[in-house]
Amino acid sequence: MAKKSYNVAISDARCRSCGVCWDVCPTKVLGWKPPLNKAIVKELSACTGCKLCEWLCPDFAIVVRTEGVVNMARPIPEPARGRI
Ligand code: SF4
Ligand code: SF4
């Protein structure tokens, strides 16, 4: 079974701590960090790549990219493990 992996990049400079992204994320990937409550990625592995956070952030602070496809059926070869 193949599973896509995603990267969620958040710009601290653009984020205004409005909370839209962590409210709309259906799988609770996103959160915030005190004291300014800027958005952060808490659980990247739960990201489905739906891009709701990217589309709804009013300050264009989030970019979601597809990183690759992980084949869940095959074991990862030993030398490659550290790089994934
Ligand atoms: S929606 Fe955008 S501006 Fe609002 S908290 Fe998330 S990243 Fe920051
Ligand atoms: S792309 Fe979807 S699942 Fe991933 S962090 Fe954004 S809202 Fe959450």
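The values are calculated or read from the model by the stated rules, or taken from the named source; none is laboratory data. Everything numeric here is computed off the predicted structure, so don't read it as measured data. FYI the Cβ positions are ideal-geometry reconstructions off the backbone, even for glycines, and counts take in every protein chain you see.
Please go through the stretch 35-52 and give me each residue that is in contact with a Gly (Cβ under 9 Å, 6 or more places away or on another chain) and either assigned to a helix (DSSP H, G or I) or within 14 Å of ligand 1 (Cβ to nearest atom) (or both), ordered by number.
Matches in the stretch 35-52: 37, 39, 40, 41, 42.
Residues of the stretch 1-34 being part of a loop (DSSP other than H, G, I, E, B), among the hydrophobic types (A, V, I, L, M, F, W, C) and within 13 Å of residue 61 (Cβ to Cβ), which ones?
13, 15, 18
Filtered by the rule that a residue be closer than 15 Å to residue 52 by Cα, of a type outside the set (Ser, Thr, Tyr) and more than 6 Å from ligand 1 (Cβ to nearest atom), the stretch 5-34 gives 7, 8, 9, 22, 23, 24, 25, 26, 28, 29, 30, 31. Within the stretch 53-63, the presence of at least one residue that is assigned to a strand (DSSP E or B) and surrounded by 12 or more Cβ atoms within 10 Å (Cβ to Cβ) is confirmed. Picking from residues in the stretch 33-71 that are over 14 Å from the mean Cα position of the chain (by Cα) and over 18 Å from residue 15 (Cβ atoms), the one that is farthest from ligand 2 (Cβ to nearest atom) is 71. For the stretch 7-36, a residue qualifies if it is surrounded by 15 or more Cβ atoms within 10 Å (Cβ to Cβ) and among the β-branched types (Val, Ile, Thr), and the qualifying residues are 8, 10, 20, 29. Only a single criterion out of (1) modelled with pLDDT under 95; (2) out of contact with any Gly (no Cβ under 9 Å at 6 or more places or on another chain); (3) surrounded by 12 or more Cβ atoms within 10 Å (Cβ to Cβ) is not satisfied by residue 4, namely (2).
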